[in-house]
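Just below is one structure, and these are the notes that go with it.
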Amino acid sequence: GSQCIVAINKDPEAPIFNIATYGIVGDLFEVIPAILSLVERLARRHEVRVYALAQEPSPGIWPLLGATVENLALTSRRAWPGAVFRFVRSLHAHGPFDLIHAIWGDTPGFLASVAGKLLRVPVLVHFGGGELARIPEIGYGSQLALKDRFQVAFTRKHATLLTAASRSLAGPLG
């Protein structure tokens, strides 16, 4: 099965959200274009680099709507040291950055928080929901595995600012 499921559905009670790693309530044909539009608008006035953790099995760099996408190829545990090194090296080479913004408080937030500490750059991490969940009956949540719990705890402690997808999620974040 898939390691990560991102669900986009207009129905907040859709069953897919019970097994999705991350969920966005909205119309697929509105959400994806909105994200791409944001990248395009930001890239008109700023240098925008989008870091993909595992878009492709091999590292790569390509243009997207005026931004640059850099794939870290974080597809296995063996890839971790190299991917973390490539991420920090790339940030250093293309900086200085005013802010590192990660979406999701587990692996992306962890990598952003590590890089922020090393480069002394503020880090904003947005939590989507699954990072604080632990539902073993359906194998859902970043609180199931020790590695994921560590990443979330590190992110919560070291990110400069945390935001949340909902008020109920913001409460546990403090």
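The values are calculated or read from the model by the stated rules, or taken from the named source; none is laboratory data. Please read these numbers as outputs of a predicted model, since none were measured by experiment. Glycine also receives a Cβ, built like all others from the backbone with ideal geometry; neighbour counts cover every protein chain displayed. Protein only, heavy atoms only, side chains kept; ligands, DNA and RNA dropped before computing areas. Shrake-Rupley method; radii C 1.70, N 1.55, O 1.52, S 1.80 Å.
The lone criterion from (1) farther than 23 Å from residue 6 by Cα; (2) polar (S, T, N, Q); (3) touching a His at 6+ places or on another chain (Cβ under 9 Å) left unmet by residue 68 is number (1). Note on the stretch 100-140: among residues that are in contact with a Ser or Thr (Cβ under 6 Å, 6 or more places away or on another chain) and of a type in the set (Val, Ile, Thr), the one that is surrounded by the fewest Cβ atoms within 10 Å (Cβ to Cβ) is 123. Checking each residue of the stretch 93-112 against the condition of being over 25 Å from residue 163 (Cα atoms) and either out of contact with any Pro (no Cβ under 8 Å at 6 or more places or on another chain) or at pLDDT below 90 (or both) gives at least one match.
In the stretch 60-79, is there at least one residue being assigned to a helix (DSSP H, G or I), at pLDDT below 90 and open to solvent by less than 40 Å² (accessible area, probe 1.4 Å)? Yes, that holds for at least one residue.
Table: residues versus (1) at pLDDT below 80; (2) hydrophobic (A, V, I, L, M, F, W, C); (3) farther than 22 Å from residue 127 by Cβ.
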residue	(1), (2), (3)
9	yes, no, no
14	yes, yes, no
22	yes, no, no
36	no, yes, yes
54	yes, yes, no
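Within the stretch 25-50, restricting attention to residues that are free of Cβ contacts under 8 Å to residues at least 40 places away in the same chain and not in a helix (DSSP H, G or I), the residue that is surrounded by the most Cβ atoms within 10 Å (Cβ to Cβ) is 48.
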